[in-house]
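Notes follow the structure.
The values are calculated or read from the model by the stated rules, or taken from the named source; none is laboratory data. What you see is a predicted model; the values in this text were computed from it and never measured. Cβ atoms come from the backbone with ideal geometry, glycine included; neighbour counts cover every protein chain shown.
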Amino acid sequence: MISVDGLGFSYGSGAAILDRVAFDAAAGRCVAVLGNNGAGKSTLVKCVARILEPGSGSVYVDGEDAASLGRRELARRVAYVAQRGSHDRLTVFDSVLLGRTPHMGYEPGREDLDIVASAIDRLGLGGLALRYVDELSGGEAQKVALARALAQRPRTLLLDEPTSNLDLRNQYETMAILRDEAARSNMCVIVVMHDLNLALRFCDRFLFMKDRTVYAYGGPEVVDEGTVRAVYGVPVAVETVRGVPVVVPMPSYGEGLGEQGGLGRRLPVAEPEEESA
C-alpha cells in the first residue's frame with residue numbers, strides 16, 4: 001500500500017511542481033494518474049519512488065515512511081519503470097536479471113533465474129532473450145523494462161507512460177498484464193497515462209492532477225464530463241459501448257477550446273469557384 005500525505009516538490013528555487021498532494025493506493029488496485037502535460041504526473045511517481053526527494057510531505061510504503069527505508073529495502077518493495085526503456089548493451093535476459101538485484105547475493109540462484117524466465121515469457125519476449133537490448137525497437141525495450149520490474153517482485157509498481165511506444169495490440173496486452181498482476185500478486189500498480197479510454201478499460205482507480213495537486217480521485221464515477229472538461233479543457237461525452245465506458249471528445253469551434261491557445265478559431269472556408277460557361 002502507498003500513502004502520500006501533503007507531498008510538495010520543486011526544482012531548486014523554482015515554482016512548485018507538486019503542492020500538498022495526498023492520496024492512498026491500496027494493494028491489488030490499478031491506479032491511473034491522469035492530467036495535462038506539465039501537471040506533475042511524472043514528478044509525482046518519481047517522488048513516490050524516491051528518485052526525487054520531496055520538499056515537503058511524506059510517502060508511506062506499507063505503513064512505513066519511505067525516507068526511513070534503505071535503498072535496497074525500498075527496491076524490494078517498490079519498482080519504477082521510466083517513460084522510455086533503456087537501450088543497454090546487455091542481453092534481454094541479463095537486463096531482466098537486474099531486477100533481481102535487491103533480492104540476491106553475488107550470484108543468482110535457481111529461483112532468481114526461474115523468476116526472470118517467467119517475466120520474459122509473461123511479456124512475450126522469449127524469442128528475444130539473447131538479443132541485445134540496444135538492438136531492439138523502442139516498444140520492445142519498453143517491454144524489457146516492464147519485465148525487469150516484474151522480476152523485481154515489488155509490492156508496489158510505478159510506471160510512467162508504459163504504453164507510449166507500443167502499438168494498439170501491445171498497449172492492450174501490457175495493460176491487461178498490469179491489471180492481472182495487481183490482482184494475482186496483490187500488488188499496488190500506479191501508472192501515469194494519457195489515454196483515458198485505456199485507463200477506463202484496465203484501471204479501477206483514477207487520480208486526476210491539475211494545478212500541481214489532486215483535482216479528483218476515486219473509482220470510475222469520477223471519470224465524468226465535468227471532471228474531464230475541468231482538467232483537460234475539452235468538452236466530452238462519457239458513453240457506454242457494449243458494456244465498456246468510453247470518453248468521446250466533443251470539441252466544437254468557439255466552445256471549450258477557445259482558451260487553449262486559440263484552438264477555437266474557426267478556419268476560413270473557401271468559396272466554390274463558379275463554372276465557366
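Numbers below:
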{"quantity": "Pairs, first touching a residue at least 12 places away in the same chain (Cβ under 8 Å) in the range 54-80, second outside any strand (DSSP E or B) and acidic (D, E), C-beta under 8 Å, six or more apart", "calculated": "R77/D62"}
{"quantity": "Boolean, A79 is closer than 20 Å to I177 by Cβ and assigned by TED's automatic domain parsing to the domain that holds A26", "calculated": "yes"}
{"quantity": "Filter pass, L198 being at pLDDT below 85 and either of a type in the set (A, V, I, L, M, F, W, C) or touching a helix residue (DSSP H, G or I) at 6+ places or on another chain (Cβ under 8 Å) (or both)", "calculated": "no"}
{"quantity": "Test: residue in the range 143-150 that is out of contact with any helix residue (DSSP H, G or I) (no Cβ under 6 Å at 6 or more places or on another chain) and of a type in the set (D, E, K, R)", "calculated": "yes"}
{"quantity": "Single condition G124 does not satisfy, out of (1) at pLDDT 95 or above; (2) more than 30 Å from A15 (Cβ to Cβ)", "calculated": "(1)"}
{"quantity": "Criterion violated by M104 - all others in (1) over 16 Å from A25 (Cα atoms); (2) in contact (Cβ under 8 Å) with a residue 24 or more places away in the chain satisfied", "calculated": "(2)"}
{"quantity": "Hey, P154 surrounded by fewer than 17 Cβ atoms within 10 Å (Cβ to Cβ), touching a Lys or Arg at 6+ places or on another chain (Cβ under 7 Å) and either in the same structural domain as R29 (by TED's automatic domain parsing) or not in a helix (DSSP H, G or I) (or both) or not", "calculated": "no"}
{"quantity": "Residue check for A129: surrounded by 15 or more Cβ atoms within 10 Å (Cβ to Cβ) and in contact with a Phe, Trp or Tyr (Cβ under 7 Å, 6 or more places away or on another chain)", "calculated": "yes"}
{"quantity": "Qualifying strands (runs of 3 or more DSSP E) (wholly inside the range 174-220; at least 3 residues being over 15 Å from L159 (Cβ atoms) and hydroxyl-bearing (S, T, Y))", "calculated": "213-218"}
{"quantity": "Tally, over the range 1-38, of residues that are in contact with a Lys or Arg (Cβ under 8 Å, 6 or more places away or on another chain) and without any contact (Cβ under 8 Å) to a residue 24 or more places away in the chain", "calculated": "0"}
